[in-house]
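Worksheet: the structure to be examined is printed underneath.
The values are calculated or read from the model by the stated rules, or taken from the named source; none is laboratory data. Here the structure is a predicted model, which is why all the values come from computation and not from measurement. Neighbour counts are summed over all protein chains in view; Cβ atoms, including those assigned to glycine, are modelled from backbone coordinates with ideal geometry.
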Amino acid sequence: MIRFRTLIIYCCLQPILVFMSKVDGKFQFSPISVNFLTEVAKVIFAIVMLVIQSRKQKAGEKPLLARSTLIQAARNNVLLAVPALLYAINNYLKFIMQLYFNPSTVKMLSNLKVLVIAVLLKFIMRRRFSVIQWEALALLLIGISINQLRTAPAGDTAFGLPITAIAYIYTLIFVTVPSLASVYNEYAMKSQDTSIYLQNLFLYGYGAIFNFLGILGTALFQGPENFNILQGHSRATMFLICNNAAQGILSSFFFKYADTILKKYSSTVATIFTGLASAAFLGHTLTINFLLGISVVFISMHQFFSPIAKVKDDKPGELLELQDTQNHRESLIP
């Protein structure tokens, strides 16, 4: 429960810190550099935790930091490179989305991932959902649609396309890519009986590599000055790096020991706090669309996790008793 509440706080702060890091509506730094430094911070944390965990090992246990252990774990968890790449793309999109939407809207749009994740879990991991749960997801779409009415200013363009069109394209990618990453990450982490800190080490290591390649590509195409990963950073970006690192670390525990839906539910709960914080500290107006939309979203989430909405694998008691009676009667017939 403590990790759940803490993750809500980090999810709430993330879009606000991204917004605060803008200067005159633009970023003075490379978003890829923020993502790279975030991955480096998470790698350092994973190494520190591995060292602490290795010192607490009992006699006879296989050393966590032994060369053979690391090589074997690296081979077993090579699939983590896939979600690491997808997360690298998604983390860049988080900054792009802030150019078109305010923090509370970005947080609301991220709730669309719950529906996509549910569909992916059904077809990839064969997870079952009840009719009530699918209806709750439909309510989620309705709530998000209410919130998005008249969000983008009319007449503006970007890359030669209306801003609404390019914003919706980014939204589609923003929703689909991390959903694939989350489901694949849960599958990869649960499929191997490896220490979560070892898995995090490889996941974050791959993420750092992909983001560093992005920095190199930017430097090659836009000039060597872009290779300075500390250029344009401020106190807000430093807080953002720490917040993103903490959020990513906590998320890994949800993927390993809980599930992706619960993790996304924490992000949904954070939506209302993001909206309130944006209104209090950034001067954003809480529109009636947002209030109605967030109300519908929270109703859908309550309905989705309600005990009566859960899929029941066992047959009802009355049906079992009837079946037992029929079987008993058939056994008496010669």
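Things worth noting here:
- Residue that is surrounded by the fewest Cβ atoms within 10 Å (Cβ to Cβ) [pool: residues in the stretch 111-130 that are of a type in the set (D, E, K, R) and assigned to a helix (DSSP H, G or I)]: LYS122
- Test: residue in the stretch 90-103 that is in a helix (DSSP H, G or I), at pLDDT 80 or above and under 30 Å from ASP193 (Cβ atoms): yes
- Residue within the stretch 70-78 that is surrounded by 20 or more Cβ atoms within 10 Å (Cβ to Cβ), in contact (Cβ under 8 Å) with a residue 24 or more places away in the chain and under 19 Å from the mean Cα position of the chain (by Cα) present: no
- In the stretch 123-175, the residues that are polar (S, T, N, Q), modelled with pLDDT of 70 or more and touching a Leu at 6+ places or on another chain (Cβ under 9 Å): THR171
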